[in-house]
1. Of all residues in the stretch A:99-117, which are within 20 Å of A:R172 (Cβ to Cβ) and more than 7 Å from chain B (Cβ to nearest Cβ)?
2. Does B:S79 satisfy being touching a residue at least 24 places away in the same chain (Cβ under 8 Å) and buried (at least 21 other Cβ atoms within 10 Å of the Cβ)?
3. Condition check: within 21 Å of the chain's Cα centre (by Cα), closer than 16 Å to A:I260 by Cβ and open to solvent by less than 30 Å² (accessible area, probe 1.4 Å). Does A:K218 satisfy that?
4. Starting from the stretch B:146-165, take each residue that is free of Cβ contacts under 8 Å to residues at least 40 places away in the same chain and more than 10 Å from chain A (Cβ to nearest Cβ) and list its partners that are part of a helix (DSSP H, G or I) and crowded, with 21+ Cβ neighbours inside 10 Å, counting only C-beta distances under 6 angstrom and pairs at least six apart or across chains.
5. Counting only residues that are free of Cβ contacts under 8 Å to residues at least 40 places away in the same chain and open to solvent by less than 50 Å² (accessible area, probe 1.4 Å), how many does the stretch A:91-130 have?
6. Return a yes/no flag: does the stretch B:250-270 have any residue that is modelled with pLDDT of 95 or more and part of a loop (DSSP other than H, G, I, E, B).
7. Using the structure shown, decide if A:T227 is within 14 Å of chain B (Cβ to nearest Cβ), crowded, with 19+ Cβ neighbours inside 10 Å and modelled with pLDDT under 95.
8. Go through the stretch B:153-181 residue by residue and tally those that are small (G, A, S) and open to solvent by less than 10 Å² (accessible area, probe 1.4 Å).
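The values are calculated or read from the model by the stated rules, or taken from the named source; none is laboratory data. Since the structure is predicted, the reported quantities are computational estimates derived from the model, not experimental observations. Cβ placement follows ideal geometry from the backbone for every residue including glycine, while neighbour counts extend to all protein chains displayed. Heads up: the accessible areas ignore ligands, DNA and RNA and are worked out on the full protein's heavy atoms, side chains in. Shrake-Rupley method; radii C 1.70, N 1.55, O 1.52, S 1.80 Å.
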Number of protein chains: 2
Amino acid sequence: MAARAICTAALLLLAFVCPSAGLSLDTVREFLTREEDTIVFSLIERARYPINRPAYDPVHLGDGRRLNASFAELFIRESEAVQSKAGRYQSLLEIPFFAYRVPFTLAPPYNFTRELYPAAAFVNVNDAIWSMYFNELLPLLAKTGDDGNYAATVDSDLACLQVLSRRINYGRYVAEVKFRGDQQTYTSLIQAKDRDALMKLLTSEAQEDVVKRRVEKKAIVFGQSITSDGPIETSVNNSSGTDFKVDPSVVYKLYDQWVIPLTKQVEVEYLLHRLD
Amino acid sequence: MAARAICTAALLLLAFVCPSAGLSLDTVREFLTREEDTIVFSLIERARYPINRPAYDPVHLGDGRRLNASFAELFIRESEAVQSKAGRYQSLLEIPFFAYRVPFTLAPPYNFTRELYPAAAFVNVNDAIWSMYFNELLPLLAKTGDDGNYAATVDSDLACLQVLSRRINYGRYVAEVKFRGDQQTYTSLIQAKDRDALMKLLTSEAQEDVVKRRVEKKAIVFGQSITSDGPIETSVNNSSGTDFKVDPSVVYKLYDQWVIPLTKQVEVEYLLHRLD
């Protein structure tokens, strides 16, 4: 047993020391760009439902009982527990919002390539994402009203949270690739614990601007109403914001104020642990 | 207690006898059109993952144990159980693939309007949808390969199944509206149990053609790669099918061979119970 454990540890280390040829600036950018589509889809789907306040209120059972958690929190905890049992969090790409100690009883085994530096892989900003999503983003997304579809609504919240978490915490992979590309510069800044210089090195305003304009455009294209008449070209230049399923400026703001800054926060934290 | 039960039953009946002004041919069409977007999004998301065969194989634990169910079935059963506990199936719009006898312990109470005729509301074709999805559609959607992300993959299968079930079993609402619009004709056909005549009355090839062409177009618009350069009009006339995240012809086929025929099957079955 002990020998097998050592062997497994050695294999994991080997997998890290010889990282898959798959991780490069190009593959990282491709992943992030593809996640934008998933993020826009998930926001559009959440916006189908009204705000449905009772789902977020700890006094939600209608019989006066006050629980310590809202329906949304209970639902997400239980859903994540099933996903944990099913092995979703074996992949370092996915990080749950709540910690579980359940065995992967449902999961078929799989040896994931470990591309992150083990001592830094734990870095994540899920608490900030949770708070941003429910307190800032959701009120901008959902119309007022209560249609009673609390489970379906919170299920769509969970889809938003999962992709935002995966996208933002992917900053660990971005940082790993950048570190490998210029080990000397990063090593000296990490050793000096120089957060500001690291943040500056990781920032490209021109690139960030491209991303923000692109996600806004995705909200316009994916959130329009398609008819079967007319040519395939979808002309949406003259449409007003109210025609879209989710306001494109909200998606721009999501990236500008939260996704990009939080990703860079993850990158800096990861780097600060990259030599541990 | 007994008095309260009678009162509740009376209220439910009242809610049905005085159906909400919301159900009309227009609102039904609007719902179905909006579901197309959700269906296309969910197919695009499933197509991100390779086929991941071990998730669908009853011998999946790698240690030779054979269970009676695949990972996918176990995962969907457990996820649906959480959703059932959370009250998702209180709304007649949603029908689970597996039956659960769990109390709605998490759910805030809500009085849904009952727009379906109670004795016919149970009609659904979930077994046919399950079999069509896994045996016919999935092999057309997913590329070969195994990336180990079984939980995330099957979670996206569940999203596809849920929206296909909601869309197809919405045939109950379509049939209810059509019945109310021409009670005399429908009543005589129902009393004669004339399935063929009912099917003919429910069929509009011109309308079905509009729907099929529209969903194909949605697959083109939502499945294209968006760049931040260039104008907002997205010109995709000259693109080949391989550029899209899900093959538009597969979405056309899904509606042509399965969604539309199964919906009409639901409509006929519902009508045959409409006078019970």
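1. Matches in the stretch A:99-117: A:A99, A:N111, A:T113, A:R114, A:E115, A:L116, A:Y117.
2. Yes; evaluated as a whole, the condition is true for this residue.
3. Here the answer is yes, as A:K218 does meet what is asked.
4. Qualifying pairs under 6 Å: none.
5. Selection size over the stretch A:91-130: 7.
6. Step one: of the stretch B:250-270, the residues modelled with pLDDT of 95 or more are B:250-270.
After this cut, where a residue has to be part of a loop (DSSP other than H, G, I, E, B) as well, the list is none.
Looking through the stretch B:250-270, none of the residues is modelled with pLDDT of 95 or more and part of a loop (DSSP other than H, G, I, E, B).
7. Working: within 14 Å of chain B (Cβ to nearest Cβ): yes; crowded, with 19+ Cβ neighbours inside 10 Å: no; modelled with pLDDT under 95: yes.
It is false that A:T227 is within 14 Å of chain B (Cβ to nearest Cβ), crowded, with 19+ Cβ neighbours inside 10 Å and modelled with pLDDT under 95.
8. So the answer is 3.
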